[in-house]
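Q: The following block contains the structure, expressed as structure tokens.
The values are calculated or read from the model by the stated rules, or taken from the named source; none is laboratory data. Owing to the predicted nature of the structure, the values given are computational and were not obtained by experimental measurement. When we count neighbours, we look across all protein chains shown, and the Cβ atoms used for this are built from the backbone with ideal geometry, even at glycine. These accessible areas exclude ligands, DNA and RNA; they are computed on the full protein's heavy atoms, side chains included. Shrake-Rupley method; radii C 1.70, N 1.55, O 1.52, S 1.80 Å.
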Amino acid sequence: MARNIQSLERAAAMLRLLAGGERRLGLSDIASSLGLAKGTAHGILRTLQQEGFVEQDEASGRYQLGAELLRLGTTYLDVHELRARALVWTDDLARSSGESVYLGVLHQQGVLIVHHVFRPDDSRQVLEIGAMQPLHSTALGKVLSAYDPVAHSEAIEADRKAFTERTVCDLDAFESILDLTRARGYAADVEETWEGVASIAAPIHDRRRMPVGAVGITGAVERVCRPDEEGALRPELIAAVRDCARAVSRDLGAGRF
């Protein structure tokens, strides 16, 4: 019979301890709880911290679970399941809004489009499933950056390229946009990524109320924005996108938001 690797067993026990106990634990608490020498416990914690599985509070020196576990924890929700749950609702959103609908998830420091519903007219369109969008300028990317700690870290560490003169690249200004996104429950992109194009997106959560994706519409500025106020989105489109996101979240077991 193959022998278990002791260091992995200890690391797993450490993660379970941090997950099941107080929010933050000190080195002495962790070592004594697991019957380990402080030096051994510290070595494991340092490795877990380097991999993003554990974070250390600078003020107290205590440890807690890291953001990388959020990424791993949500992988049980297969992208195909997310897409399957969203099919009916995204079709309804395309019909009610008259615009293209996109479903996106975090992938390799960007937004991966996993589902795309064409705008319901006779115009020539290109299927964009599998395309990547930036986190900092698109509505889908801003939503993920606002609600997903991993996406947030990647967005602030990335090179925030200016695609148009409206693209927000400054870190403080970008953080303010994310605060606004969380406060109102949706994000906007008005000619920040593509000239003449506007988007609206809202977050999708799973049964643990974790962010697992974003859904949004994209269309010409003159259709998505109000004609009487430059840059202002049509409120009925905002409501439609948010309703769609809530419906998909409910189907994933998130309950009411």
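Q: Which ones in the stretch 12-66 are hydroxyl-bearing (S, T, Y) and either closer than 24 Å to S153 by Cα or free of Cβ contacts under 8 Å to residues at least 12 places away in the same chain (or both)?
A: Those that are hydroxyl-bearing (S, T, Y) and either closer than 24 Å to S153 by Cα or free of Cβ contacts under 8 Å to residues at least 12 places away in the same chain (or both): S28, S32, T47, S60, Y63.
Q: Pick from the stretch 241-257 the residues that are in a helix (DSSP H, G or I) and open to solvent by less than 70 Å² (accessible area, probe 1.4 Å): which of them is modelled with the lowest pLDDT?
A: So the residue we want is D251.
Q: Does V143 satisfy the condition of being open to solvent by less than 30 Å² (accessible area, probe 1.4 Å), in contact with a helix residue (DSSP H, G or I) (Cβ under 6 Å, 6 or more places away or on another chain) and either modelled with pLDDT under 90 or at negative phi (or both)?
A: In short, no.
Q: If you don't mind, there's one more thing I want to ask. Being farther than 20 Å from E68 by Cα, surrounded by 17 or more Cβ atoms within 10 Å (Cβ to Cβ) and modelled with pLDDT of 85 or more narrows it down to one residue among L36, L45; which is it?
A: L36
Q: Restrict the check to the stretch 199-206 and report whether at least one residue is among the small types (G, A, S), touching a Lys or Arg at 6+ places or on another chain (Cβ under 9 Å) and within 23 Å of R95 (Cβ to Cβ).
A: The answer is yes; a qualifying residue exists.
Q: Please indicate, with yes or no, whether at least one residue in the stretch 73-85 is within 30 Å of A31 (Cα to Cα), under 12 Å from the mean Cα position of the chain (by Cα) and surrounded by 15 or more Cβ atoms within 10 Å (Cβ to Cβ).
A: Scanning the stretch 73-85 turns up at least one residue that is within 30 Å of A31 (Cα to Cα), under 12 Å from the mean Cα position of the chain (by Cα) and surrounded by 15 or more Cβ atoms within 10 Å (Cβ to Cβ).
Q: For residues in the stretch 109-134 being open to solvent by 10 Å² or more (accessible area, probe 1.4 Å) and in contact with an Asp or Glu (Cβ under 9 Å, 6 or more places away or on another chain), which is modelled with the lowest pLDDT?
A: Q109
Q: Which of the helices (runs of 4 or more DSSP H) found entirely inside the stretch 114-227 contain at least 2 residues meeting this: under 20 Å from the mean Cα position of the chain (by Cα)?
A: 139-147, 149-157, 171-184
Q: Report yes if some residue within the stretch 14-33 is assigned to a loop (DSSP other than H, G, I, E, B), within 29 Å of L144 (Cβ to Cβ), open to solvent by less than 40 Å² (accessible area, probe 1.4 Å) and at pLDDT below 85; otherwise report no.
A: Among the residues of the stretch 14-33, not one is assigned to a loop (DSSP other than H, G, I, E, B), within 29 Å of L144 (Cβ to Cβ), open to solvent by less than 40 Å² (accessible area, probe 1.4 Å) and at pLDDT below 85, which makes the answer no.
Q: Which condition does Y186 not pass, out of (1) under 23 Å from A220 (Cβ atoms); (2) open to solvent by 60 Å² or more (accessible area, probe 1.4 Å), if it passes all the others?
A: Single failed check for Y186: (2).
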